[in-house]
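> Here's a structure for you.
The values are calculated or read from the model by the stated rules, or taken from the named source; none is laboratory data. Here the structure is a predicted model, which is why all the values come from computation and not from measurement. Ideal geometry is used to build each Cβ from the backbone, glycine not excepted, and the neighbour counts take in all protein chains shown.
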Amino acid sequence: MLRNVPIRRKLSIIVMVATCAALLVAALASAAYEIVSYRQSMVRSLSTIALMIGENSSAALTFNDPVSARQTLLSLGSYPHIRGAALYDSYGHVFATYASSARAHPFRPPALQADGYRFIDDRFELFRTMTVAGESAGAVYIESDLAEIYAGLRRFAWIAVLTITLAFGVGYLLSARLQAAVSGQISHLAEVVGIVATKQDYSVRASKGGQDELGRLIDGFNDMLSRIQAQDAELQDARDTLERRVAERTRELQEEALERQQAQSELIRTHEQLMEASRFAGMAEIATNVLHDVGNVLNSVNVSASIVADSVMHGKMDALGRLSTLLEQHRNDFVHYVSQDERGRHLPEYLRTLVETLIQECRSSVAELELLRKNVDHIKDIVVMQQAYARVGGVESSANLNELVEDSLRLNAAALNRRGVEPVRDLAIIGPLTIDKHKVLQVLVNLLRNANAACEESGRAEKRVTVRTRRRAGHVEISVIDNGVGITPENLSRIFQHGFTTRATGHGFGLHGAALAARDLGGSLSAHSDGVGCGATFTLRLPYVPSAARSELRPVG
Ligand SMILES: Nc1ncnc2c1ncn2[C@@H]1O[C@H](COP(=O)(O)OP(=O)(O)OP(=O)(O)O)[C@@H](O)[C@H]1O
Ligand SMILES: [Mg+2]
């Protein structure tokens, strides 16, 4: 109820309530005492009156003189509160009565009762026995109203009200002066707390009035403020330092971010250069292989040309010349010479053998020339293919995957052959797809070269490289599987890193470039090996985008 009332008012109210309660209790106690003493004095005075009436009436009772007795009773008229009285004879009969003129109802004395008194409702009744010479001569009954008690109580009530009001006023004035000693300091403390709370100013201090509990409370509060102020200063210091450090770190981070951005741009540039380099490297690889292949074919061309030249140089043509000379010599005796001459008789047989030999020689030369033409055509094919790949680099076109595999095998054929590696084809029927042929070929040539090297390194007798193509849901896979040296798990994890190589003549560019090319193609390149000596499998996964114009399906191998 008083929770939100200011402490000054609260203290006043408490003091006043306590004062009033104390006064009220005292007043009630006094009122109770007053009532008791009024009643006792009433009993005393009416008993005396009854005794006096009894003594004055004893003669009248003895001489049976009711008139005289009534006269005696009339003397009660001087007591305004006595409303009625009666005299009883020794037999208990009413002898004489008195009724106050102020009474409202007629007076009817009650039947005689033993000595005593009682308060009933608004009246007081008293019986008193009269004795004459030790014998009961009758009794007196007096009935009085309680107006006297009520008047006394009213007086008392007025005094009490006046006293309480006075005490209230005095109490209020005193409490207003005295409570300032307590509430003043508390209000001051509250004010200081308000300043601290609203302004966050920990430099203010509360001033104390003495060494009582409030004084100690204010000391404690000031002490607490001092500590908070010190901590606040430390905190501010720490915050300043932190802000400085954050600002420094932000600047450093910004610089780092800038450096990183520059490094990233540099990296992108390098990557582009590398891509270009790897593209050229791939082209160079293809060119190297092409030259190798062309060289091989040129060997065969050379052999064929030598055979034809040899056959022309050392064939039976000169025999034909000699025969012509012989026939010229025997122009005039030809018949004689053929029929009679020892040598001439063998001439037809010789001529037949010569013709057969010449036909044979001619056929061999034609066959050799046919081989030569084919070899030249092969060279032309290889060159045209290389030119085609070089031209279409970076451009997507319709391609048959198995044909690409064949081309890559053809480009590596000489190298595989040189190391005694058997190429195996395990090709599925796959429709034409739209792809950058140059990139696919670059990857396949790299994988085949690595497989070839791994087979050679293994030193095993049966060296084999299998190229497998498979059609999967939404993509195609080309796997190059070899039974070469295999790859350790440790090397397997960094095999695609740029510059990683285990070969003395290697650069570590091949797989890195191949993986980048696979990514550019929208696919991926993965490696698998069960360990050293277990061979390796490299799988190029490409998205399967069927060409709009489907060419004829062509299983190869
Ligand atoms: N089929 C394979 N079997 C075993 N190891 C392989 C195979 N393919 C690649 N590796 C390993 O991966 C390494 C990296 O291959 P990558 O083609 O990137 O470079 P390289 O062949 O060493 O050199 P280059 O840059 O000339 O191709 C190789 O040195 C080799 O150790
Ligand atoms: Mg390589």
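> Which condition breaks for ASP318 when tested against (1) at pLDDT 80 or above; (2) farther than 30 Å from ALA414 by Cα?
(1)
> What are the pairs with Cβ atoms under 7 angstrom where one residue, in segment 504-525, is more than 13 Å from ligand 1 (Cβ to nearest atom) and the other, located anywhere, is of a type in the set (Lys, Arg)? Sequence gap at least six, or different chains.
Listed by first residue and then by second, the contacts come to ASP520/LYS439; LEU521/LYS439; GLY523/ARG541; SER524/ARG541.
> Taking segment 126-146 on its own, how many of its residues are assigned to a strand (DSSP E or B) and surrounded by fewer than 17 Cβ atoms within 10 Å (Cβ to Cβ)?
Initial filter on segment 126-146 (assigned to a strand (DSSP E or B)): 126-132, 135-145.
Add one more test, that the residue is surrounded by fewer than 17 Cβ atoms within 10 Å (Cβ to Cβ), and what stays is 129, 131-132, 135-136.
Final tally of qualifying residues: 5.
> Something else: Only one of these conditions is not met by ARG460: (1) charged (D, E, K, R); (2) touching a helix residue (DSSP H, G or I) at 6+ places or on another chain (Cβ under 9 Å); (3) away from ligand 2 (no atom under 16 Å from the Cβ). Which number is it?
Condition (2) is where ARG460 drops out.
> Take segment 494-503 and flag every residue that is surrounded by 12 or more Cβ atoms within 10 Å (Cβ to Cβ) and either over 24 Å from HIS438 (Cα atoms) or near ligand 1 (Cβ under 6 Å from one of its atoms) (or both). Break it down stepwise before answering.
Filtering segment 494-503 for residues surrounded by 12 or more Cβ atoms within 10 Å (Cβ to Cβ) gives 495-498, 500-503.
ILE495, PHE500, THR501, THR502, ARG503 - these are the residues of segment 494-503 that are surrounded by 12 or more Cβ atoms within 10 Å (Cβ to Cβ) and either over 24 Å from HIS438 (Cα atoms) or near ligand 1 (Cβ under 6 Å from one of its atoms) (or both).
> Something else: Identify all residues within segment 498-530 that are closer than 25 Å to GLY474 by Cβ and in a loop (DSSP other than H, G, I, E, B); write none if there are none.
Hits for segment 498-530 are LEU521, GLY522, GLY523.
> Conditions first: (1) part of a strand (DSSP E or B); (2) of a type in the set (Gly, Ala, Ser); (3) farther than 28 Å from GLN40 by Cβ. ALA69 passes all but one, so which condition is the exception?
ALA69 satisfies every listed condition except (1).
> Return the residue satisfying two criteria in turn: it lies in segment 480-493 and is more than 7 Å from ligand 1 (Cβ to nearest atom) and over 17 Å from ARG541 (Cβ atoms), and of such residues it is surrounded by the most Cβ atoms within 10 Å (Cβ to Cβ).
ASN483
> Ok, one more. Residue check: is ARG472 basic (Lys, Arg) and within 16 Å of ligand 1 (Cβ to nearest atom)?
Values: basic (Lys, Arg): yes; within 16 Å of ligand 1 (Cβ to nearest atom): no.
Judged against the criteria, ARG472 is not a match.
> Restricting to segment 78-99, name every residue that is over 11 Å from ALA137 (Cβ atoms) and of a type in the set (A, V, I, L, M).
Residues satisfying the conditions are ILE82, ALA85, ALA86, VAL94, ALA96, ALA99.
> I would also like to ask the following. Can you name the condition, by its number, that VAL405 falls short on among (1) at pLDDT below 90; (2) more than 16 Å from ligand 2 (Cβ to nearest atom); (3) not in a loop (DSSP other than H, G, I, E, B)?
(1)
> Next question. State all residues of segment 147-170 that are crowded, with 18+ Cβ neighbours inside 10 Å and within 15 Å of MET42 (Cα to Cα); if no residue qualifies, say none.
Listed by number, the list holds a single entry, ILE149.
> Being modelled with pLDDT of 95 or more and touching a helix residue (DSSP H, G or I) at 6+ places or on another chain (Cβ under 9 Å) narrows it down to one residue among GLY484, GLY499; which is it?
Working: GLY499 fails: modelled with pLDDT of 95 or more.
So the residue among GLY484, GLY499 that is modelled with pLDDT of 95 or more and touching a helix residue (DSSP H, G or I) at 6+ places or on another chain (Cβ under 9 Å) is GLY484.
> Inside segment 479-531, can you point out the residues that are on the phi > 0 side of the Ramachandran plot and either of a type in the set (Asp, Glu) or over 40 Å from the mean Cα position of the chain (by Cα) (or both)? Let's see the steps before the verdict.
Here is the first cut: in segment 479-531, the residues on the phi > 0 side of the Ramachandran plot are 486, 499, 508, 522, 531.
Result: GLY486, GLY499, GLY508, GLY531.
> Hey, among the residues in segment 445-469 that are crowded, with 16+ Cβ neighbours inside 10 Å and among the basic types (Lys, Arg), which one's farthest from ligand 1 (Cβ to nearest atom)? Step through it out loud before you land on a result.
Kept after step one, since they are crowded, with 16+ Cβ neighbours inside 10 Å, are these residues of segment 445-469: 445-456, 458, 463-469.
Pick out the ones that are also among the basic types (Lys, Arg) and you get 449, 463-464, 468.
Values: ARG449: 7, LYS463: 12, ARG464: 12, ARG468: 14 Å.
Out of the qualifying residues, it is ARG468.
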